[in-house]
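The values are calculated or read from the model by the stated rules, or taken from the named source; none is laboratory data. Keep in mind that this is a model prediction, so the values were computed, not measured. Don't worry about glycine lacking a Cβ; one is built from the backbone with ideal geometry, like all the others, and counts go over all protein chains shown.
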Amino acid sequence: AQSVSQHNHHVILSEAASLELGCNYSYGGTVNLFWYVQYPGQHLQLLLKYFSGDPLVKGIKGFEAEFIKSKFSFNLRKPSVQWSDTAEYFCAVNAQNAGNMLTFGGGTRLMVKP
Amino acid sequence: DTGVSQDPRHKITKRGQNVTFRCDPISEHNRLYWYRQTLGQGPEFLTYFQNEAQLEKSRLLSDRFSAERPKGSFSTLEIQRTEQGDSAMYLCASSSGRGGSNQPQHFGDGTRLSIL
């Protein structure tokens, strides 16, 4: 069974600071990896995804994530955050060829101070 | 793209009552998923359908939980004899069936269930 860990539960940054949110998963096979964001009062939205190929993937709003297979990690980054990035961020995986269920991490709540 | 629609947005009921939630997926999506999210946690997978077939239901939390998608369009999730621990946000998602498991899932706003 897959599991996902997000080690930072709460992060507080000032505007223009750089962001890195950690995500580690455990699964022995090939996985698809996702980052979702949930802005206050809104539904979960896809930020970016990795299926194969270039391990550095770029998503919406200037976010990117790097898949490091040897570390079972898929950390989310943004060089300069904005107040509007205040949200909760979820990392998720599904195992290729093993059903379509997404396994989510516990989420990281990001607050950006103006 | 009208998005995934869930109804109701909020449901308050007394312990022991039955509740039913509805999900309307994005129209061209043939896969539909149910998740539960409790406070401070990420969503937890419950079940999923491809068209009208329920392909995975072993993660439903107990035999009080059931889901249907009779015509391969909208779906319902029913909880019988509700308990305090059922209080949570119930999320529905849908995805295209093309391309296997790497199609991203699109989520609705959820139904928040509160058990008195």
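Brief remarks on what is shown
- Some residue of region A:98-108 being away from every other protein chain (no Cβ under 12 Å), at pLDDT 95 or above and crowded, with 17+ Cβ neighbours inside 10 Å: no
- Single match in B:Thr47, B:Thr111 (criterion: of a type in the set (Val, Ile, Thr), within 14 Å of chain A (Cβ to nearest Cβ), crowded, with 21+ Cβ neighbours inside 10 Å and over 19 Å from A:Met101 (Cα atoms)): B:Thr111
- Residues that are touching a residue at least 60 places away in the same chain (Cβ under 8 Å), aliphatic (A, V, I, L, M) and either crowded, with 18+ Cβ neighbours inside 10 Å or not in a loop (DSSP other than H, G, I, E, B) (or both) within region A:17-57 comprise A:Leu19, A:Leu21, A:Val31, A:Leu33, listed in sequence order.
- Those residues of region B:61-90 which are buried (at least 19 other Cβ atoms within 10 Å of the Cβ), in contact (Cβ under 8 Å) with a residue 60 or more places away in the chain and either within 12 Å of chain A (Cβ to nearest Cβ) or under 12 Å from the mean Cα position of the chain (by Cα) (or both), in sequence order: B:Ile79, B:Tyr90
- Checking each residue in region B:50-74 for being assigned to a strand (DSSP E or B), in contact with a Ser or Thr (Cβ under 9 Å, 6 or more places away or on another chain) and closer than 15 Å to A:Asn100 by Cβ picks out B:Gln54, B:Leu55, B:Glu56, B:Ala67.
- Selection within region A:75-102 - in contact with a Pro (Cβ under 9 Å, 6 or more places away or on another chain) and either without any contact (Cβ under 8 Å) to a residue 40 or more places away in the chain or in a strand (DSSP E or B) (or both): A:Ala87, A:Glu88, A:Phe90, A:Ala92
- Scanning region B:88-116 for residues that are part of a loop (DSSP other than H, G, I, E, B) and within 19 Å of A:Phe104 (Cβ to Cβ) yields B:Gln103, B:Pro104, B:Gln105, B:Gly108, B:Asp109, B:Gly110.
- Of everything listed in (1) of a type in the set (A, V, I, L, M, F, W, C); (2) under 28 Å from A:Thr30 (Cα atoms); (3) at pLDDT below 95, the single unmet condition for B:Leu91 is (3).
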